[in-house]
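Structure first, commentary second.
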Amino acid sequence: MEKFLKKIFFYTAMQITINLSNKTLAILVGVLTFLAIGLVVYAYNNIPNPGHGADQIVVNIDGQEMTLQEAIDSGKFGFVVQTGSVQHGQQIPLPPGFTQDQCKWMVSPRRIYETGDRGYENDNWNYAPVICYADATTRVVTCKMEWCYGRSACGWVTTGSANYIVICRK
């Protein structure tokens, strides 16, 4: 059986001998390249619409088309995301229609305000890390930096503002 298969393969390989001149080979390669590029262009133009572009995503909720951001802002998904900034000592606002128990929030430093001369000119004033958090029960923001003289005397405090994000879900 093995000899028989070898003979068939040998004869088949012998029968498919093609002699092409350089010119014919160049034309054949050009035509195949043109067809391959055409196939890629055809495939690219027939991509189904994914429902979004580079600047927005369009969704259909209950038969109404809107951008994804509009749907999130209006609470169509059952949650709302709200962002903004508040000063030290201010309370983070909640989105309308949500209670504090339905929300989680987070803050990050936005800006610490320099209050000017700390009383010692050309001295060794350093600052400690920025402290920025929102109270878990009152949502009041603390955003400040404490200045220290040398390594021991601390206490000069400057305050600032914080960015916040609130995510609420019913």
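Rule-based calculations on the coordinates, nothing more; no lab input. It should be emphasised that the depicted structure is a prediction, and the values quoted were computed from it without experimental measurement.
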Next item on the list: For THR33 and ALA136, compute 0.36 nm times the residue count separating them, minus their Cα-Cα distance, and round to one decimal in nm.
Entry: 30.6 nm
Notebook entry, point to check: Once fully extended, how much extra length lies between SER85 and VAL157, figured as 0.36 nm per residue of separation less the alpha-carbon to alpha-carbon distance?
Noted result: 23.9 nm
